[in-house]
1. Pick out the one residue from A:LEU30, A:LEU44 that is away from every other protein chain (no Cβ under 14 Å), within 30 Å of B:SER210 (Cα to Cα) and buried (at least 19 other Cβ atoms within 10 Å of the Cβ).
2. State yes or no: is A:GLU72 among the acidic types (Asp, Glu), open to solvent by less than 10 Å² (accessible area, probe 1.4 Å) and under 15 Å from A:PHE302 (Cβ atoms)?
3. Give the stretch B:265-281 a look and list any residue that's open to solvent by less than 10 Å² (accessible area, probe 1.4 Å) and under 30 Å from B:PRO193 (Cα atoms), or say none.
4. Go through the stretch B:32-60 and count every residue that is under 18 Å from the mean Cα position of the chain (by Cα) and more than 19 Å from B:PHE124 (Cα to Cα).
5. Which of (1) touching a Phe, Trp or Tyr at 6+ places or on another chain (Cβ under 8 Å); (2) open to solvent by less than 10 Å² (accessible area, probe 1.4 Å); (3) within 14 Å of another protein chain (Cβ to nearest Cβ) is the odd one out, the single condition A:GLY19 does not satisfy?
6. Name the pairs whose Cβ atoms lie under 9 Å apart, with the first residue in the stretch A:279-300 and over 18 Å from A:GLN323 (Cβ atoms), the second at pLDDT 90 or above and of a type in the set (Asp, Glu), and 6 or more positions between them or separate chains?
7. Got a sec? Which of A:VAL154, A:VAL103, A:VAL112, A:VAL188 is in a strand (DSSP E or B), at pLDDT 90 or above and within 30 Å of A:ILE226 (Cα to Cα)?
8. Scan the stretch B:74-97 and report the pairs whose first residue is in a loop (DSSP other than H, G, I, E, B) and at pLDDT 80 or above and whose second residue is open to solvent by 30 Å² or more (accessible area, probe 1.4 Å) and of a type in the set (Val, Ile, Thr), with Cβ atoms within less than 9 Å and a gap of 6+ or a chain change.
Protein chains: 2
Amino acid sequence: MDLHILDHRLKVTSICKDGLVVFTHPLIKLIFLRNRTRCKFFSLTETPENYTVVLDEEGFKELPPSEHLLVEDSTWLPLNVVSNGHASSSSQAVGVTKIAKSVIAPLAEQHVSVFMLSTYQTDFILVREKDLSVVIRTLEEEFNIYREVGGECVPFRSQDIRNGFQKNGKEAKITVHPVLSPLNKFLVMSLDPDTLPAIATTLIDVLFYSSSQKDGSHSNQDLDCIKFFSFSLIDGYISIVMDTEAQRQFPANLLFTSSSQELWRMVRIGGQPLGFDECGIVAQISQPLADSDISAYYISTFSFDHALVPEEDIDSVISLLQQQRHDPSQV
Amino acid sequence: MDLHILDHRLKVTSICKDGLVVFTHPLIKLIFLRNRTRCKFFSLTETPENYTVVLDEEGFKELPPSEHLLVEDSTWLPLNVVSNGHASSSSQAVGVTKIAKSVIAPLAEQHVSVFMLSTYQTDFILVREKDLSVVIRTLEEEFNIYREVGGECVPFRSQDIRNGFQKNGKEAKITVHPVLSPLNKFLVMSLDPDTLPAIATTLIDVLFYSSSQKDGSHSNQDLDCIKFFSFSLIDGYISIVMDTEAQRQFPANLLFTSSSQELWRMVRIGGQPLGFDECGIVAQISQPLADSDISAYYISTFSFDHALVPEEDIDSVISLLQQQRHDPSQV
């Protein structure tokens with residue numbers, strides 16, 4: 001299989017709920033006005049805590065400095081696994097499950113933090129630019145690694161990196177995080193970018209004006225529904241993750257899922273905000289899913305991680321993760 | 001004819017060009033999300049100087065206090081002339097011309113300031129609430145006056161007003177303001193409100209993101225084109241005034257004019273900002289147009305006034321107004 005290092009240098013940021021008003025102008029530009037921005041990688045995810053915005057340097061320039069904006073210090077690079085016909089995995093599962101053993105587990109072993117962003121089209125594995133040498137050394141046995149430069153794919157080897165292989169020396173401290181399972185059912189959808197104007201007012205309404213109605217939803221997440229909505233526009237491809245309640249607001253027949261009305265349940269990871277330095281969180285969730293061949297989308301946000309699993313599998317997933325909780329040595 | 005005092009209490013405000021970013025969130029709500037606001041009277045006009053926003057008290061609540069927002073102190077009431085079959089005017093002209101002699105001139109004589117807002121559908125004459133008694137006494141000979149209260153029209157007489165008739169005592173000081181005639185050609189258009197979502201991204205682009213491209217247009221207004229774009233959503237009716245350049249950005253066939261592609265030229269009144277206290281400015285422009293039976297839309301903004309006349313009449317209008325300049329006693 002091939003692993004591509006995409007030609008985007010990303011910032012991971014968070015806008016607090018009260019601050020969205022200040023960022024409406026640049027965010028609407030980044031979402032709807034492709035001709036006015038050179039941003040090619042944009043992702044916005046609303047959670048009960050905040051809005052996580054991941055975007056490239058061109059997009060980041062659009063965001064005004066503000067007390068409402070938190071920016072993670074690092075520059076992150078998106079990696080992408082491309083099956084090239086002779087895929088080594090026989091799994092039928094999609095999403096992060098497919099790369100759990102080949103990418104996620106080895107990186108966790110090397111103490112590399114990853115920030116996952118699954119979309120309708122693919123799964124982006126974001127790693128810190130400073131970890132790139134470790135990442136390449138770790139993955140080059142399994143993958144042919146290419147770096148995308150100006151639209152071209154150039155083979156890339158670890159000796160291309162100036163600073164040599166430095167195994168991340170941090171002590172592996174296994175923390176098993178609590179998981180919550182909100183009751184809403186989610187769809188992972190896409191849309192022809194030329195059709196985006198047709199859903200503009202609905203999307204604007206949902207993204208920028210619907211928070212006040214849902215204020216109560218955070219109080220008892222484990223029993224209730226959660227506010228979660230994710231929009232990404234990456235290299236011209238749109239992906240939207242929304243729950244069935246949000247979906248009812250959109251015009252029918254414009255958004256599509258990979259299979260008809262496939263529904264997903266969420267596993268939300270972390271009782272406390274996870275931060276960016278702990279390693280192995282994605283591995284902790286995706287390994288047991290890979291063992292059981294259960295598909296999962298995985299979306300990291302500024303504070304918490306989120307896995308989406310097929311609704312019929314939610315009970316087994318929860319029970320797998322609870323088993324693990326009682327016996328963390330399995331991680 | 002009937003004169004209706006509409007059931008809206010309006011504020012006239014101005015947002016400076018740099019401040020639009022701060023107001024994008026409330027303005028998009030007021031324009032596109034009818035279900036989220038109780039505002040029923042909203043008008044936004046971009047000129048080279050600023051954005052003039054006229055809106056009712058419900059809408060005004062949506063605007064955050066800001067150094068970028070100027071608010072005229074008064075509460076304004078919109079008046080509306082309704083032909084009830086036996087119209088006294090034989091004029092075929094539309095717009096402010098039709099009401100020049102019956103409304104505009106008498107109010108000017110009584111030193112009542114008016115703020116005009118012509119739309120595709122009608123012409124709103126805004127007067128200060130504190131001038132209402134003068135307005136009623138002045139116009140009740142010519143008109144049956146009704147006040148709209150909660151959707152009903154109630155006959156209204158001057159004795160209904162607590163404070164009696166106080167003729168505005170200000171000395172009539174006749175200032176003839178310079179007029180400019182920019183080269184762009186304008187359309188006065190409308191749109192089915194249900195179709196508004198279809199032009200949302202274009203309208204957002206034009207209103208909120210196109211200023212930077214036009215920065216140079218203010219430098220030589222008399223020879224050049226002017227930045228002027230007006231959108232109003234009043235009691236469910238949409239009116240848009242734009243030039244032919246802006247029109248090209250909109251999808252064809254959604255916006256309509258009263259006659260096919262009718263084009264209008266602008267007369268811009270005021271070399272210096274006009275303020276709100278001077279009376280007779282609208283009269284100064286509309287009387288000679290009424291004498292010559294030339295149609296005109298009239299849009300006041302925070303700093304200047306704007307008349308739109310049929311493109312074939314622009315030369316005679318300019319010459320009429322220049323005559324007046326040399327002989328201001330005709331005013």
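The values are calculated or read from the model by the stated rules, or taken from the named source; none is laboratory data. None of the values given here were measured: they were computed from a predicted structure. For neighbour counting, all protein chains shown are included, and Cβ atoms are generated from backbone atoms with ideal geometry for every residue, glycine included. Each accessible area value is taken on the protein alone, full model and side chains, heavy atoms only, with ligands, DNA and RNA left out. Shrake-Rupley method; radii C 1.70, N 1.55, O 1.52, S 1.80 Å.
1. Answer to the selection: A:LEU44.
2. Here the answer is no, as A:GLU72 does not meet what is asked.
3. Of everything in the stretch B:265-281, those that are open to solvent by less than 10 Å² (accessible area, probe 1.4 Å) and under 30 Å from B:PRO193 (Cα atoms) turn out to be B:MET266, B:VAL267, B:ARG268.
4. Residues that pass the stated criteria total 4.
5. Checking A:GLY19 against (1) touching a Phe, Trp or Tyr at 6+ places or on another chain (Cβ under 8 Å); (2) open to solvent by less than 10 Å² (accessible area, probe 1.4 Å); (3) within 14 Å of another protein chain (Cβ to nearest Cβ), the one that fails is (1).
6. Close Cβ pairs satisfying both conditions: A:CYS279/A:GLU109; A:VAL282/A:ASP305; A:SER295/A:ASP313; A:TYR297/A:ASP123; A:TYR298/A:ASP123; A:TYR298/A:ASP305; A:ILE299/A:ASP305.
7. Only one candidate qualifies: A:VAL188.
8. From residues that are in a loop (DSSP other than H, G, I, E, B) and at pLDDT 80 or above, there are no pairs.
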